[in-house]
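**Student:** Take this structure, written in structure tokens, and hold onto it; I'll ask about it next.
No lab work stands behind these numbers, since they all come straight from the coordinates. Just so you know, these numbers come straight off a predicted model, no measurement behind them.
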Amino acid sequence: MFKRVIALITTVIASLSFSIAQADHHGMKKDIVDVAVENGSFTTLVAAVQAAGLVDTLKGEGPFTVFAPTDDAFSKLPDGTIDMLLKPENKDKLVAILTYHVVPGKVKAADVVSLDKAATVQGQDVMIKMMGDKVMIDNANVIMADVMASNGVIHVIDTVIMPK
């Protein structure tokens with residue numbers, strides 16, 4: 001079973017045509033923030049990270065595992081939610097949501113098969129489950145795994161996950 005799951009995860013990752021540049025012109029890997037900015041599918045996430053004052057943290061040494069919602073994931077939130085969260089008076093709530101998407105350490109797809117939860121930087125656990133060939137983090141599907149950065153790994157998710 002374990003070998004089958006690993007093979008399935010490897011096949012899914014290999015078949016994805018979604019590519020993210022990971023090296024700058026000097027051949028050095030980019031950090032999590034730079035990878036997200038360069039990709040272009042995470043403009044809302046990047047704006048939220050900036051508004052929350054977390055850029056320097058996510059550019060830090062790490063390592064971090066980030067479950068990164070795409071712009072499409074953020075568009076699923078109720079109207080006005082993003083604007084409300086980006087207001088300075090809601091910074092604490094925004095920080096709580098964003099840090100719920102970050103796990104300390106580097107958790108790769110191959111590690112997921114042995115986990116049913118992971119402690120986030122926010123303090124609560126995200127639930128991890130395998131559903132056939134899909135990996136779910138709370139109620140979000142991982143749509144691309146193991147996007148490597150110099151200070152960790154990004155797993156792209158299709159839904160913004162919320163702490164309880």
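**Student:** Which shape class, rounded, prolate or oblate, goes with segment 72-160 when its Cα gyration tensor gives a ≥ b ≥ c as root eigenvalues, a/c under 1.5 marks rounded, and past that a/b bigger than b/c marks prolate? Please report the intermediate quantities before stating the final value.
**Tutor:** Details: a/c = 1.98, a/b = 1.58, b/c = 1.25.
Judged from the Cα gyration tensor, segment 72-160 comes out prolate (a/c at least 1.5, a/b above b/c).
**Student:** Amide H of Val160 versus every other amide H placed in the peptide plane: which residues, excluding those fewer than 5 positions away on the same chain, fall under 5 Å?
**Tutor:** The list, which skips near neighbours in sequence, is empty: none.
**Student:** Using the Karplus curve 6.51 cos²θ - 1.76 cosθ + 1.60 with θ = phi - 60°, what ³J(HN,Hα) values do you get for each residue of segment 152-161, in whole Hz, with x for Gly and Pro?
**Tutor:** x, 9, 10, 10, 7, 10, 9, 8, 6, 8
**Student:** For Asp125, enumerate residues with amide H under 5 Å from its amide H, sequence gap 5+ or separate chain, H modeled in the peptide plane.
**Tutor:** When sequence neighbours closer than 5 places are left aside, the close amide H contacts are Thr120.
**Student:** Work out from phi, with θ = phi - 60° and the Karplus expression 6.51 cos²θ - 1.76 cosθ + 1.60, the ³J(HN,Hα) of each residue of segment 51-57, listed in order in whole Hz, and give x for Gly and Pro.
**Tutor:** 4, 7, x, 9, 4, 4, 4
**Student:** Find how much the distance from Lys117 to Asp133 grows on full extension, using 0.36 nm per residue of separation minus their present alpha carbon separation; answer in nm with one decimal.
**Tutor:** Fully extending the segment from Lys117 to Asp133 adds 4.0 nm.
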